[in-house]
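One structure is given below, encoded as C-alpha cells.
No lab work stands behind these numbers, since they all come straight from the coordinates. What you see is a predicted model; the values in this text were computed from it and never measured. Using ideal geometry, Cβ is built from the backbone for each residue, glycine included, and neighbour counts are taken over all protein chains shown.
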C-alpha cells in the first residue's frame, strides 16, 4: 500500500475502484459525520445537483459512483471510472464532522489495495475537509491527496462547488460559482417534535446504521438515563450507569457515561436489527428523588444516521416522581422504526391504573388485600423502576428498586 503525503498524486490502475474513508471521533458524535463526493467539470463546479453524492443522494445518475456506509465512521465509494461522463474532469471527496478535525482520533482516505493518505489533523480547527480528488490527466485517472480544511459546514462547501442549497445560512464559496439553474437540495435534518403523550412517528432505518438516543436537560441536576429493552430473542434487559452495555456484542446497546450534572446522557444502539423494543426513561437522583422533570426541561432526542431527528417532550408537571418514561421505540418492522411519546410518571395513581389494567384487581394497600401480582409486585413502591415487557408494553414501579 503506497502512502501519500498532502499534494502528492499517483496513477490509478483499473477502472473499478473503491475509495474508502475513515474517521474516529467521540462515539456520541459519530452520527453527525458525513462523507460526500462532487463530480466537477473543468470549471471546478457540478453540472447540476445530481453530481452531488451524499447521504440523501447516494448514487450518481448512470451509476458511475455510489456512496456506501458500513457504519458511522467507515464509509466508501464504489467508482466505475469508465462510466464517469466525459464532461467530468475531477471527483472531489469531502468529509464534515461536528467538531474540529484536531479532536479526531484517526482520519484516512484510501483506494483499496493501492494507496492511502492520512491527513495531518494536528491543530486543524476546521470541521470540513477536502480529503482528496480523482482527476483526469492525459487520458488516464490520477489520485491526489489534499487534506485541505474548509471553514463552514457541508452546505457552504456544496455551494462553493455550484450546488444550490435550500438553507438559510449564508454560503461561503470555496471556488468561483457561475450562475446555474438547479433545483435546491435539502441538506438539513428532518426534525419531528412529539409534544404530547400518544403522539408517534415512523421513520426509515438504514441497514447498518446506528441509532442514538439522548436524554437532555437544561438545569444543574443529576438525571440518569435508563434504556430498557427487549432483544430479538425476546429477552428483557436494561442499560444504565451500573450496567453500561456493549456495542460489539449483545445487547448492542451502550450508555456512554454518567453525566452527574446538567447536560445529557447518551445511549447508542449499534445493531437495531437485534432489538425489538426500547423504552427510554429518566431517574431523578436528587435529594429524596423528587422534583419536576418538566421544570428541568428533560426530553429525549432520537437520531438515526439518515439525518432524521425526533424529540419526545414532556407536557405535565409531576414533582413527586422518581421516574418518568419518555419514549418507546418499536423496531419490529423491517427497515423502519416507530418512536412514541409515552410520558408516564411513577406515582400511585399510575401504578393503580396500570395494575388494574393488567390483573383486573386493585393493588394491595392498608384497606385492600390481593393475591394478584405483576413481576411479583402488588404494592406501590415509589423507587421501583419501570419494566418493559416482551410484547412492547411497559408498567411503572414494578422493576428493581433504585436509589443512587
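Overview of values
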{"item": "Between 0 and 90°, nearest 10: helix 348-359 axis offset from the chain longest Cα axis", "result": "90"}
{"item": "Cβ-Cβ FRET estimate between residue 74 and residue 391, R0 fixed at 35 Å, reported to 0.05", "result": "0.45"}
{"item": "Most fluctuating residue given options 86, 197, 145, as computed from a GNM of the chain linking Cα atoms under 10 Å", "result": "86"}
{"item": "Neighbour-count order for 304, 248, fewest beta carbons within 10 angstrom listed first", "result": "248, 304"}
{"item": "Value of relative contact order over the chain, rounded to a whole percent, pairs C-alpha under 8 Å and six or more apart", "result": "13"}
{"item": "Inter-part distance where segment 4-22 and segment 88-109 are each reduced to a Cα centre, Å", "result": "15"}
{"item": "Calculated semi-axes √(5λ) of the Cα gyration tensor in Å (choose from [x] 38, 27, 19; [y] 50, 19, 19; [z] 38, 24, 21), label", "result": "[y]"}
{"item": "Residues residue 123 and residue 59, FRET efficiency given R0 of 56 Å [Cβ-Cβ distance, rounded to 0.05]", "result": "0.95"}
{"item": "Gained length - residue 2 relative to residue 381, 0.36 nm times residue gap less alpha-carbon distance", "result": "130.0 nm"}
{"item": "Sequence of 396, 95 once ranked by neighbouring C-beta atoms within 10 Å, starting from the fewest", "result": "95, 396"}
